[in-house]
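K.L.:
Shown below is the structure under consideration.
Throughout, read-outs are computed from the coordinates displayed, never taken from laboratory work. The structure displayed is predicted, hence computed values, not measured ones. Methodologically, a virtual Cβ is constructed for each residue, glycine included, from the backbone with ideal geometry; neighbour enumeration extends over all protein chains shown.
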Amino acid sequence: DGGITQSPKYLFRKEGQNVTLSCEQNLNHDAMYWYRQDPGQGLRLIYYSQIVNDFQKGDIAEGYSVSREKKESFPLTVTSAQKNPTAFYLCASSIAFGGSYEQYFGPGTRLTVT
Amino acid sequence: AQSVTQPDIHITVSEGASLELRCNYSYGATPYLFWYVQSPGQGLQLLLKYFSGDTLVQGIKGFEAEFKRSQSSFNLRKPSVHWSDAAEYFCAVAQNTNAGKSTFGDGTTLTVKP
């Protein structure tokens, strides 16, 4: 079955450590996205990529970094510079051109930093 | 810039009653419009989408939405709500000129009373 996988489901880290969240898709989508979701809030875009080896900052990119070396993979690193990293992180993918642009979401990773 | 407003943060309906969730968007051209549903601790799932054609679109789980250009609205409806419909609902808009990047509303939480 095609879809998006995120791992792990739950992640715990100590303050000051960098942590990388995994996102893989086998939908052959060009575009991939990372969102942050805090309790009772909507989705805020962190980074997005519309093609391999290229990505753009979203609305809240500070303290985060990404890479897009393969079409299938779009890992997100939460650095120690991110002041409030505890949140639910969602990865998504979509067609980038010539489609209807609906996004397909992974199950999410809940990151807790103490 | 495109934007999406969901005026109702929280709605409570009785099981079996009808439901309407409101969504207003701001965008110059014909937008690509979506409704997604999110259960607690899960990713988002597409309920339905509109990008052309019939302005009344049918989705999964018995939901429908109507695109009204004159009102810049894309309200979600269901004639009879089931307890399993309790979730958070997000309206989103994308534009063809930005290759799939969507803007999401802040969400509406639906509670279903027995």
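K.L.:
Let's see if you can work this out: charge +1 on each Lys and Arg Cβ, -1 on each Asp and Glu Cβ, no other charges. What is the dipole magnitude of chain A about its Cα centre, in debye to the nearest 20?
P.N.:
Numbers: 11 positive and 11 negative charges, 79 e Å.
Using Cβ point charges on Lys, Arg, Asp and Glu, chain A gives about 380 debye.
K.L.:
Using r as the Cβ-Cβ distance of residue A:77 and residue B:3, and R0 as 22 Å, what FRET efficiency do you calculate, to the nearest 0.05?
P.N.:
Working: r = 29 Å, r/R0 = 1.33.
So the FRET efficiency works out to roughly 0.15.
K.L.:
Rounded to the nearest 5, what is the percent of antiparallel bridges among the DSSP beta bridges in chain B? Walk me through the numbers before you get to the answer.
P.N.:
Details: 34 of 39 bridges.
Approximately 85 percent, going by the DSSP bridge assignments.
K.L.:
Quick check on chain A: of the DSSP beta bridges with both residues there, what percent are antiparallel, nearest 5%?
P.N.:
Details: 33 of 37 bridges.
If we restrict to bridges inside chain A, about 90 percent are antiparallel.
K.L.:
For the range A:27-48 and the range B:1-77, what is the centre-to-centre distance using only Cα atoms, to the nearest Å?
P.N.:
Going from one Cα centre to the other spans 19 Å.
K.L.:
Can you give me the distance in nm between label points at residue A:13 and residue A:44, each placed 7 Å from the Cα along the Cα-to-Cβ direction?
P.N.:
With each label placed 7 Å out from Cα toward Cβ, I get 1.7 nm.
K.L.:
Could you list A:66, A:52 in order of exposure, starting from the residue whose Cβ has the fewest other Cβ atoms within 10 Å?
P.N.:
Neighbour counts put them in this order, fewest first: A:52, A:66.
K.L.:
Viscosity 0.890 mPa s, temperature 25 °C: give me the Stokes-Einstein translational D for chain B in µm²/s, with Rh taken as the Kirkwood radius over C-alpha pairs. Can you show the working numbers first?
P.N.:
Details: Rh = 14.2 Å.
In µm²/s, the coefficient is 173.
K.L.:
Mind checking which lysines have their C-alpha under 23 Å from residue B:78, skipping anything on the same chain fewer than 8 residues away?
P.N.:
Within reach: B:49, B:61, B:68, B:113.
K.L.:
Once you put a point 7 Å from the Cα of residue B:56 and another 7 Å from the Cα of residue A:100, both along the Cβ direction, what distance in nm separates them?
P.N.:
Rounded to a tenth, the inter-label distance reads 1.8 nm.
K.L.:
Which is farthest toward the positive dipole end of the protein assembly as shown among A:66, A:18, B:51, measuring Cα position about the Cα centre, with Cβ charges +1 (Lys, Arg) and -1 (Asp, Glu)?
P.N.:
A:18
K.L.:
If I take the Cα coordinates of chain A and project them onto the principal axes, what are the three extents in Å, biggest first?
P.N.:
Principal extents (largest minus smallest coordinate, Cα): 43, 26, 25 Å.
K.L.:
Over all residues in A:89-102, what is the mean tally of Cβ atoms on other chains that come within 10 Å of each residue's Cβ? Walk me through the intermediate numbers first.
P.N.:
Values: counts 0, 4, 1, 5, 1, 5, 2, 4, 3, 3, 6, 10, 15, 11.
Mean shielding count: 5.
K.L.:
Please report, in Å, the Rg and the Dmax of the range A:10-58, where both are computed over Cα atoms only.
P.N.:
13.2, 36
K.L.:
Restricting things to alpha carbons, tell me how big the protein assembly as shown is in terms of Rg and Dmax, in Å.
P.N.:
17.6, 53
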